[in-house]
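To start, the structure itself, in structure tokens.
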Amino acid sequence: MLTPKDITEKKAKGEKISMITSYDFAFAQMAEAAGIDQILVGDSLANTMLGYKTTRAVGMEEMLIFVGAVCRGAPNTHVVADMPYLSDKDPQTAYDNARRFLDLGAASIKLEGTPEGVLEFLRSHDVPVCAHLGLLPQTAENFKQKGKTVEEARAIEDAARFIDSLGCFEVVLEHIPEELGTKITREVSAATIGIGGGRFTDGQVLVMHDALGMHLGKNPPFAKKFVDMFELGVKGFKKYIDSVNHPQ
Ligand code: KIV
């Protein structure tokens, strides 16, 4: 399993880092068998697994069930547990919740933005943190690209320097211009993991349901579909129904 140190060393050597979301035992096994570097149990499971419109719909109790399942399915892979909405509302609450994830077997936690005093507290207690900057789905008013204006780009860059100074080993950069993703990647020691952050971040992350074509909806513009599992699944179900209707 890659440790946070292994991940920053990969960056230093110019090696790319692959991350995918997974939420359950079976897909975690599949991702580990494929040799993925890191599995993110994202709060996007609110949308992909539970059918809610917003990631704010899930809390710690739901996340713990999914993080536990993924850790059991991929015991040799670095699992990043996503802090759900309000689970990081103050430093002590964030620490207590992060500990629950780490005690389950997660290797690190991820949280959105730079909530007051939280990252400082987590890092001073040696919690391995993957930060998340750019588009922040828990609090975003819309899903448009962030960092397009000079002010917005500067704020994201400043935040990236800040999380780096605290020793966060990694940062997800979501839906920002490629030039900004590239600039931050050069400026920080933390490994940058892009999702719509351009081609030159240290690694990439995708939501599994987008990458494997597991839903009927449209992918975001930056998310490539690598297989069509929805179609494959429907075909499989049809064959099964047929076998029930026409027993051999
Ligand atoms: O929740 C999630 O899946 C995420 C990714 C989009 C990075 O935060």
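The values are calculated or read from the model by the stated rules, or taken from the named source; none is laboratory data. These numbers come from a predicted model, not from an experiment. Every residue, glycine among them, receives a Cβ derived from its backbone with ideal geometry; neighbour counts consider all protein chains shown.
For this structure, a couple of remarks:
- Criterion violated by ASP96 - all others in (1) farther than 26 Å from THR201 by Cβ; (2) away from the ligand (no atom under 13 Å from the Cβ); (3) touching a residue at least 24 places away in the same chain (Cβ under 8 Å) satisfied: (3)
- Of all residues making up the range 157-184, the number that are among the acidic types (Asp, Glu) and within 16 Å of the ligand (Cβ to nearest atom): 2
- Residues in the range 132-163 that are over 20 Å from HIS78 (Cα atoms), of a type outside the set (A, V, I, L, M) and not in a loop (DSSP other than H, G, I, E, B): GLY134, GLU151, GLU152, ARG154, GLU157, ASP158, ARG161, PHE162.
- Qualifying residue in the range 50-69 (condition: within 11 Å of the ligand (Cβ to nearest atom), under 16 Å from the mean Cα position of the chain (by Cα) and under 24 Å from VAL188 (Cα atoms)): no
- Within the range 99-127, the set of residues being over 17 Å from GLN138 (Cβ atoms) and acidic (Asp, Glu) comprises ASP103, GLU120, ASP126.
- Within the range 186-218, the only residue that satisfies the criterion of being part of a helix (DSSP H, G or I), surrounded by 23 or more Cβ atoms within 10 Å (Cβ to Cβ) and without any contact (Cβ under 8 Å) to a residue 60 or more places away in the chain is ASP210.
- Residue in the range 172-180 that is part of a loop (DSSP other than H, G, I, E, B), under 15 Å from GLY197 (Cβ atoms) and in contact with a strand residue (DSSP E or B) (Cβ under 6 Å, 6 or more places away or on another chain) present: yes
- Inspection of the range 185-198 identifies no residue that is among the charged types (D, E, K, R), within 16 Å of the ligand (Cβ to nearest atom) and at pLDDT 95 or above.
Matching residues to (1) away from the ligand (no atom under 16 Å from the Cβ); (2) of a type in the set (Ser, Thr, Tyr):
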residue	(1), (2)
GLU112	no, no
GLY117	yes, no
LEU122	yes, no
CYS130	no, no
LEU136	no, no
ALA140	no, no
LYS144	no, no
THR149	yes, yes
ALA153	yes, no
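- Within the range 220-235, being under 26 Å from GLY42 (Cβ atoms) and modelled with pLDDT of 95 or more holds for ALA223, LYS224, LYS225, PHE226, VAL227, ASP228, MET229, PHE230, GLU231, LEU232, GLY233, VAL234.
- Number of positions in the range 1-35 that are hydrophobic (A, V, I, L, M, F, W, C), crowded, with 19+ Cβ neighbours inside 10 Å and out of contact with any helix residue (DSSP H, G or I) (no Cβ under 7 Å at 6 or more places or on another chain): 3
- Flag if ALA98 is crowded, with 24+ Cβ neighbours inside 10 Å and more than 29 Å from LYS218 (Cα to Cα): yes
- Single match in ALA74, ALA81, ALA46 (criterion: free of Cβ contacts under 8 Å to residues at least 40 places away in the same chain and touching a helix residue (DSSP H, G or I) at 6+ places or on another chain (Cβ under 7 Å)): ALA46
- Residue ID - farthest from ALA28 (Cα to Cα), chosen from residues in the range 70-84 that are within 11 Å of the ligand (Cβ to nearest atom) and of a type outside the set (A, V, I, L, M, F, W, C): PRO84
Residue-by-condition table, conditions (1) in contact with a helix residue (DSSP H, G or I) (Cβ under 8 Å, 6 or more places away or on another chain); (2) in contact (Cβ under 8 Å) with a residue 24 or more places away in the chain:
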| position | (1), (2) |
| --- | --- |
| ARG123 | no, yes |
| ALA131 | yes, yes |
| GLU141 | no, no |
| LEU166 | yes, yes |
| PRO177 | yes, yes |
